[in-house]
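Below: one structure, written as structure tokens.
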Amino acid sequence: MFKPRKPRKKSTTWLPFLHNHLDVSWTIDFLTVTTINFATLYVFLVLDHGRRNIVHVAITRYPSMRWVVQQLREAMPFGLQPKYLFRDNDGIYGNGVRAFLESCSITEVRTAYRSPWQNPFVERYIGTLRREVLDHVIVLNQGPS
């Protein structure tokens, strides 16, 4: 096997990084909800890691990159923004979300493909939301906007 001449400098592993930056990081993710008419609604969540509370929720039938950027603008009013934003590799985010985060001086942290354990807080919230609410409620429609 090939060994590099200069070994890499050891970096922080994922779990210590996550715990060290809890108070300055948020995460975003989507979940889907099926209505009684079999329409799919997309729920966009923004979660604060430090307090583990929901900062912003939005629902749409047709998500797009521009819509996600607008939701991020609404979630981050004057001066209330994280240092790190964790997200998965969903194609809906595109380059526009990355450009928006760079313009706001927010470091984007992308999780590995098919690794929900790297984004544990929002994944647990989504699981709890499904078990405690959506398994017992029939959603009629998006409701008032």
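We did not get these values from a lab; they are worked out from the coordinates using the rules stated. On a predicted model such as this, the values are computed, not experimentally measured, just so you know. Here the Cβ positions follow ideal geometry from the backbone for every residue, glycine too, while neighbour counts run over all protein chains shown.
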Exercise for the section: Evaluate the charge dipole of the chain about its Cα centre and quote only its size in Debye, nearest 20, assuming +1 on the Cβ of each Lys and Arg and -1 on the Cβ of each Asp and Glu. Expected result: 920
Handout entry: Between helix 120-129 and the chain: long-axis angle, C-alpha atoms, 0 to 90°, nearest 10
Key = 20
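Quick check on the stretch 49-116: take the gyration tensor over C-alpha atoms, sort the square-rooted eigenvalues as a ≥ b ≥ c, and tell me if it's rounded (a/c under 1.5), prolate or oblate.
rounded
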Practice task
Evaluate the distance, in nm, between pseudo-label points positioned 7 Å from the Cα of LEU140 and of GLU108 along their respective Cα→Cβ axes.
Solution key: 3.9
Fill in the blank from the handout: Row for the stretch 1-53, column shape: gyration tensor on C-alpha, a ≥ b ≥ c, rounded if a/c < 1.5 i.e. under 1.5, prolate if a/b over b/c, else oblate; value oblate
Problem - Percent of beta bridges antiparallel (DSSP, the stretch 29-134, rounded to nearest 5) - result: 75
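What order do you get for ASP23, ASP29 when you list them from fewest to most C-beta neighbours inside 10 Å?
With the fewest neighbours first, ASP23, ASP29 line up as ASP23, ASP29.
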Exercise for the section: Calculate, for ASP23 and SER115, the FRET efficiency according to 1/(1 + (r/R0)^6) with r their C-beta to C-beta distance and R0 30 Å; round to the nearest 0.05. Expected result: 0.85
Exercise for the section: Using only Cα atoms, tell me the angle between helix 94-103 and the longest principal axis of the chain; keep it within 0 to 90° and round to the nearest 10. Expected result: 70
Problem - Answer label, with Kirkwood radius over Cα pairs in Å calculated from the coordinates and candidates (1) 15.0; (2) 15.9; (3) 16.8 - result: (3)
Handout entry: Coil-residue chymotrypsin sites (Phe, Trp or Tyr not before Pro) of the stretch 102-145, DSSP, other Cβ within 10 Å capped at 10
Key = TYR113
Practice task
State, as an integer percentage, the relative contact order of the stretch 29-134 based on alpha-carbon contacts under 8 Å between residues 6 or more apart.
Solution key: 20
Practice task
Filter the chymotrypsin sites (Phe, Trp or Tyr not before Pro) in the stretch 17-99 to those in DSSP coil with at most 16 other Cβ atoms within 10 Å of their Cβ, and list the result.
Solution key: PHE38, PHE78
